[in-house]
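The values are calculated or read from the model by the stated rules, or taken from the named source; none is laboratory data. Only a predicted model underlies this, so the values are computations on that prediction, with no experimental measurement involved. Methodologically, a virtual Cβ is constructed for each residue, glycine included, from the backbone with ideal geometry; neighbour enumeration extends over all protein chains shown.
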Amino acid sequence: MAAEAGIESRTVAARTREVSGGRGLHGVGVLVIDEAAMVDDRALAALLRHAAGAGCGSGSGGEGGAGGGAR
């Protein structure tokens, strides 16, 4: 997605470490989770909780409407 849309991207694992380490999602306007159906439920829930707490929008996508990388 970074190359296609010019959006900075990180893996779900990297974003989860950032959130767990206290960095949170400050400065992230929208969190896009590509292929979210492939993401561990706990990691996805943690990211979505932090996104809501940080006031950033979130969305998922993928083939068939299923929504692994966190943007």
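Points worth noting:
- Of residues in region 19-48 being more than 16 Å from Ser60 (Cβ to Cβ) and touching a His at 6+ places or on another chain (Cβ under 7 Å), the one modelled with the lowest pLDDT: Gly24
- Only residues that are surrounded by 15 or more Cβ atoms within 10 Å (Cβ to Cβ) and either more than 10 Å from the chain's Cα centre (by Cα) or within 12 Å of Arg49 (Cβ to Cβ) (or both) were counted across region 15-27, and they come to 5.
- Scope region 1-18; condition at pLDDT 85 or above and β-branched (Val, Ile, Thr); matching residues: Thr11, Val12, Thr16
- Pairing each residue of region 1-23 that is within 14 Å of Asp40 (Cα to Cα) with any residue that is at pLDDT 85 or above and part of a loop (DSSP other than H, G, I, E, B), provided the two are 6+ apart or on different chains, yields C-beta distances under 7 Å for Val12/Val39.
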